[in-house]
Amino acid sequence: RRTALFCGLAAGVGGVAAAGCTGSDPAPVATTTASRAAGATAYRPFRGVHQPGIADDPQPYAAFVAFTLLGGSDRASLRRLLTIWTDDIERLMSGRGTIVDQEPELASVTAQLTVTVGIGPRVPGLAGAPAPAWLAPLPAFAQIDRLDPRWGQADLLLQICAASPTTLAHAQRRLITAAGDLVRLGWVQRGFREPFAGGGSGLPMRNLFGQVDGTVQPDVHGIDAGLLWVGDNGPAWLRGGAGLVLRRIAMDLDTWDRVDRGSRENATGRRLDTGAPVTGRALTDAPDLDAVDDLGFHRIDDAAHLRRAHGTAPHERFLRRPYSYDDPPEEGTLSNSGLLFAAYCADPARQFVPVQRRLAELDLLNLWTRPIGSAVFAMLPGASDGEILGQALVA
Ligand code: HEM
C-alpha cells in the first residue's frame, strides 16, 4: 500500500540504514552509494484527488510556513498566487527548478519533496466562497494553553516536507520569493523525525521524550478515509481536502529528565522500549483499559495520556503526523524543544476538539508539556491535470 504512494526509486534514507553498511566492505559501499542516489531522486506525485503530504508516509524533515495576505487581496490576487505556487510546486516536486530558479541543481534532488497548501479562516470570504464552521481558531483551553501570538493563526500555510533538508530549504526559499508582494511572511516552524525510519526497527517515530509516537491511527487508506477527507457535507471547493490543526507544544526536557522510567511509562500508559501498552506485549496490542492491579487500581492510569486521548466515540479520531522541534535554547535556559503536533481530519470541531478538551482537563503529560502555538487550516484538495490548487475556490 505504501509503495504505491511513491514514484521513482523509493529507497529512501532508511534504506541506507537497513543495508547496515560499513565503509570497509566494498560491496556494501556500492549498495550504499546506489541507495543514496536512489533516495536523492525519489519523488512523489503532485497531481491527484488529494494533496500529497497528508496521508503518505511522513518524510524526515518539515517546515510549516505561514503567510498573511496583504490588504486589498481578493479572488483575483488569490488566483494569481495559487497559479504561481501550483506551477512552482509541480516543478520542484518533479526535480525541475522554478521558472526563475537560479539554483536549479538544488531542485534536482527531489528527495520525496511534498508541498501542501492550506488556507486560514479569512480566505474563503475573500474569495466569495462559504467557509466550513470549523475553519476558525480553536476554543481556548485555559487549563493548559500558554499561547504565544507569534505562532498564531495565519491566512496561508505551506507545509514543506522532504528527506533532504537542503531540498526543503531550497523549495521554501523559492516559494516564499514567488509569493512576492501578495503576502507578508509570518512564522516558520521547522521540525524533524528520525531519518532512519523508526530507528530501523519498524516503529513509528520517537519524540524527544523517547516515546514511540503515532502508533494508534485511523485507517485513512481504507475504512476511515471519511474521517480524513472532506466529503459531500463540506463546501464544494474543499471536497478532497482536509482540516489541519497545528499545535506547537513545548516539551520540558529538563523536568522530564528527573522522572523515573516507571512514572514516564505510567504517564502515557505505554512502554518506552517497545511502545506496547503497559497491559500488553507488542506495539500493536490493544490496550486493556479495564485491567486492574492487585490493589484494584487501573493498570493504565486514570490520567494516562493513552486513556484520556482514546476516542470515546468513533468519530473522535484524526490522523497525527507530528514532527519534533529542537531550537536553540533561549538565554538562561537549557532546552527549547517540543512537538509540532499536526492533526488532520475532515472536521476538527467535531473530531479533534472533544479530545483536546479531555486532555486539557486531565492528562499526566500536561505536567511536562505546554501548548504555545495554535492554528487551523483547510488543506486544499489535490489538483487534477490542468487545474491549479484551489481551482474550485478561486477560478
Ligand atoms: C497517543 C505523545 C499531544 C492525541 C500518544 C502516544 C504518545 C503520545 C507517546 C502513545 C502512542 C500513540 O498511539 O501514538 C504525545 C505528546 C504530546 C501529545 C508527547 C505533546 C507534546 C497530543 C495532543 C493530542 C493527542 C495535543 C490531541 C488533542 C493522541 C491520541 C493518541 C495519542 C488520539 C492515541 C490514543 C489511543 O490509543 O487511542 N500521544 N501526545 N496527543 N495522542 Fe498524544
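Order 159-167, 263-271 from most to least packed using the mean count of other Cβ atoms within 10 Å. Provide the component values of the computation, followed by the final result.
On the way: 159-167: 22.7, 263-271: 20.8.
With the highest mean Cβ count within 10 Å placed first, the list reads 159-167, 263-271.
List, in order, the whole-Hz ³J(HN,Hα) value for each residue of the stretch 298-314 obtained from phi through the Karplus relation with A = 6.51, B = -1.76, C = 1.60 and θ = phi - 60°; use x for Gly and Pro.
The phi angles translate into 4, 5, 9, 3, 4, 9, 5, 4, 4, 5, 6, 7, 4, x, 8, 9, x Hz.
Take ARG239, project a point 7 Å from its Cα along the Cβ direction, then tell me which residues of the stretch 366-386 have their backbone nitrogen under 19 Å from it.
378-386
To the nearest 500 deg cm²/dmol, what mean residue ellipticity at 222 nm is calculated for the chain from DSSP H runs of n ≥ 4 alone, each contributing -39,500 (n - 2.57), summed and divided by the residues?
-7000 deg cm²/dmol
Amide H of ASN336 versus every other amide H placed in the peptide plane: which residues, excluding those fewer than 5 positions away on the same chain, fall under 5 Å?
ASP327
Can you tell me how much longer the chain between ALA136 and THR166 gets when fully stretched, taken as 0.36 nm per residue apart minus their C-alpha distance, in nm with one decimal? Don't skip to the end; give the middle numbers.
Numbers: separation 30, 0.36 × 30 = 10.80 nm, distance 3.34 nm.
Value of the extension gain: 7.5 nm.
Apply 1/(1 + (r/R0)^6) to the Cβ-Cβ distance of PHE196 and ARG150, taking R0 = 45 Å, and write down the FRET efficiency to the nearest 0.05.
Given R0 = 45 Å and the Cβ-Cβ separation, E is 0.90.
Quick one: what Rg and Dmax do you get for the chain from the alpha carbons, in Å?
In order Rg, Dmax, the Cα atoms of the chain give 21.3, 69 Å.
Using the basic label-point model (7 angstrom from Cα toward the beta carbon), what is the SER263 to LEU208 distance in nanometres?
2.1
Near the amide H of LEU389, under 5 Å away, which other amide H atoms are found, from residues 5 or more places off or on another chain, if H is placed in the peptide plane?
Answer set, sorted by chain and number: THR86.
Return the Rg/Rh ratio of the stretch 301-395 with Cα-based radii and a Kirkwood Rh.
Value, to two decimals: 1.08.
Starting from the Cα of ASP273, step 7 Å along the direction of its Cβ; do the same at ARG370; then give the gap between the two resulting points in nm.
Taking the two extended label points, one gets 3.4 nm.
Tell me, what HN-Hα J-couplings in whole Hz come from the Karplus equation 6.51 cos²θ - 1.76 cosθ + 1.60 at θ = phi - 60° for each residue of the stretch 358-363, using x for Gly and Pro?
3J(HN,Hα) across the stretch 358-363, in whole Hz: 4, 5, 5, 6, 7, 6.
Taking θ as phi - 60°, what are the ³J(HN,Hα) couplings along the stretch 116-131 by the Karplus curve (6.51, -1.76, 1.60), each to the nearest whole Hz, with x for Gly and Pro?
For the stretch 116-131, the Karplus curve yields 10, 9, x, 10, x, x, 6, 6, x, x, 4, 8, x, 10, x, 9 Hz.
Could you tell me what fraction of 2.2 N^0.38 Å the Cα radius of gyration of the stretch 138-214 comes to, as a two-decimal ratio?
Taking the Cα Rg and dividing by 2.2 N^0.38 Å, one obtains 1.44.
If packing is taken as the average number of other Cβ atoms within 10 Å across a peptide's residues, how do 326-334, 78-86, 295-303, 124-132 rank, most packed first? Don't jump to the answer; show the numbers that get you there.
Numbers: 326-334: 9.4, 78-86: 19.6, 295-303: 14.1, 124-132: 16.7.
Peptide ranking by packing, descending: 78-86, 124-132, 295-303, 326-334.
For a label point 7 Å from the Cα of ASP232 along Cα→C-beta, name the residues of the stretch 333-355 whose backbone N is under 18 Å from it.
In the stretch 333-355, the label zone of ASP232 (backbone N under 18 Å from the point 7 Å along Cα→Cβ) covers 346-347.
What nm distance separates the two modelled labels at ASP293 and ASN336, each placed 7 Å from Cα along Cα→Cβ?
For ASP293 paired with ASN336, the spin-label model returns 3.9 nm.
Taking a spot 7 Å from the Cα of THR177 along the direction of its beta carbon, which residues of the stretch 75-97 have an amide N less than 14 Å from it?
Only 97 pass the distance filter.
Hey, fewest Cβ within 10 Å first, where do TYR344, TYR61 land in order?
If I rank by nearby Cβ atoms, fewest first, I get TYR61, TYR344.
In which sequence would ARG206, ARG122, ARG44 go, from the one with the fewest C-beta neighbours within 10 Å to the one with the most? Before the final figure, lay out the partial values.
Details: ARG206 19, ARG122 16, ARG44 24.
Fewest-to-most Cβ neighbours within 10 Å comes out as ARG122, ARG206, ARG44.
For the peptides 112-120, 310-318, what is the packing order when you average, over each peptide's residues, the other Cβ atoms within 10 Å and list the highest mean first?
Sorting 112-120, 310-318 by mean packing, highest first, produces 112-120, 310-318.
So who's got an amide H within less than 5 Å of the one on GLY373, skipping anything under 5 residues away but keeping other chains? H placed 1.01 Å off N, in plane.
ASP148, ARG248
Coordinate-derived values only; no laboratory data. Quantities reported herein were computed from a predicted structural model and do not represent experimental measurements. Using ideal geometry, Cβ is built from the backbone for each residue, glycine included, and neighbour counts are taken over all protein chains shown.
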